[in-house]
């Protein structure tokens with residue numbers, strides 16, 4: 001039988017200190033409906049439900065903070081994992097990073113870690129910077145590395161999707177330089193206007209094969225197949 005209680009003023013239920021108030025809807029799935037705002041005062045609120053649905057698009061944590069930043073340095077969400085270490089998505093006030101837009105030092109950043117302060121991974125498809133530079137900040141001797149792929153250095157060259165924007169690793173650069181030098185024909189060694197130039201008649205049939213040495217823009221030595229010329233001095237066989 002339904003019951004309806006209506007008062008003309010406030011309604012209060014009070015139990016003994018540390019007592020409990022139970023709203024029992026029976027052994028089947030019932031419902032407790034509150035048509036107004038719900039204010040819970042206490043140190044801990046526990047919700048033992050299988051599915052929790054919230055209409056708010058923004059959930060506020062650490063409400064009432066009066067300090068400059070999070071007083072306890074961190075605030076966020078924690079997920080239990082049974083026998084494994086719980087994981088957390090936190091905002092940490094002590095993390096320092098550089099803002100590439102104005103080259104200033106900023107404090108406070110999001111961090112993924114477990115309850116033992118061990119960092120955990122992030123799985124995502126893309127990182128968007130809004131048109132600004134992307135800084136990968138590390139400390140000590142840390143490096144940026146790509147792992148888990150098959151022969152990444154060959155994928156850089158063959159990846160049509162990445163195109164010219166594909167980022168090479170050290171192995172790619174090492175292999176490229178080694179293969180280029182192994183099959184390269186360097187015709188000139190040069191520093192500003194001092195150089196050594198090699199020309200072969202095979203590539204330029206109208207000219208003889210020569211090795212020319214130029215210093216400060218002036219040719220001082222020319223070596224031919226059958227003679228050598230140094231300034232005005234010509235050495236041909238045993239004749240000077």
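Radius of gyration (Cα atoms) of the chain, expressed as a multiple of 2.2 N^0.38 Å: 2.16. Would you mind telling me which residue in 101, 56, 17 has the biggest mean-square fluctuation in a Gaussian network model of the chain, where springs connect alpha carbons within a distance under 10 angstrom? Largest GNM mean-square fluctuation: 17. Using 17 Å as the cut-off for backbone N distance, which residues of the stretch 166-209 belong to the label zone defined by a point 7 Å from the Cα of residue 157 along Cα→Cβ? Correct set: 166-185. Taking a ≥ b ≥ c as the square roots of the Cα gyration tensor eigenvalues, the stretch 1-61 comes out rounded, since a/c falls below 1.5.
Counted over the stretch 94-208 with a bin width of 10 Å, the fraction of Cα pairs per bin, in whole percents, is 9, 23, 25, 20, 12, 8, 3, 0. Report the residue, chosen from 136, 95, 122, that carries the largest GNM mean-square fluctuation when the chain is represented by alpha-carbon nodes joined by springs under 10 Å. The residue that fluctuates most here is 122.
Taking the helices alone, the chain has a mean residue ellipticity at 222 nm of -2500 deg cm²/dmol, built from -39,500 (n - 2.57) per DSSP H run of at least 4 residues and averaged over all its residues. Connecting C-alpha atoms closer than 10 Å in a GNM of the chain, tell me which of 204, 37, 116 has the biggest fluctuation. It is 37. Each 5 Å bin from zero holds the following percent of Cα-Cα pairs in the stretch 14-102: 2, 7, 10, 17, 17, 16, 14, 8, 4, 2, 2, 1, 0. Once you have a ≥ b ≥ c as the square roots of the Cα gyration tensor eigenvalues for the stretch 142-240, tell me rounded if a/c is under 1.5, and otherwise prolate or oblate according to whether a/b is larger than b/c. It comes out prolate by the Cα gyration axes.
Remark: the stretch 185-236 is approximated by an ellipsoid whose semi-axes, taken from the C-alpha gyration tensor as √(5λ), come to 18, 17, 7 Å, largest first. On the basis of the beta-carbon distance and an R0 of 30 Å, residue 109 and residue 165 show a calculated FRET efficiency of 0.70. Relative to the dominant Cα principal axis of the chain, helix 170-182 is inclined by about 10°. Compared with the rule-of-thumb size 2.2 N^0.38 Å for a compact globular protein, the stretch 145-184 has a Cα radius of gyration ratio of 1.21.
Between residue 213 and residue 29, the contour length at 0.36 nm per residue exceeds the Cα-Cα span by 56.6 nm.
Any read-out appearing in this document is the output of simple, stated calculations on the displayed coordinates, not a laboratory observation. If you're wondering where the values come from, they're calculated on a predicted model, not measured in any experiment. Using ideal geometry, Cβ is built from the backbone for each residue, glycine included, and neighbour counts are taken over all protein chains shown.
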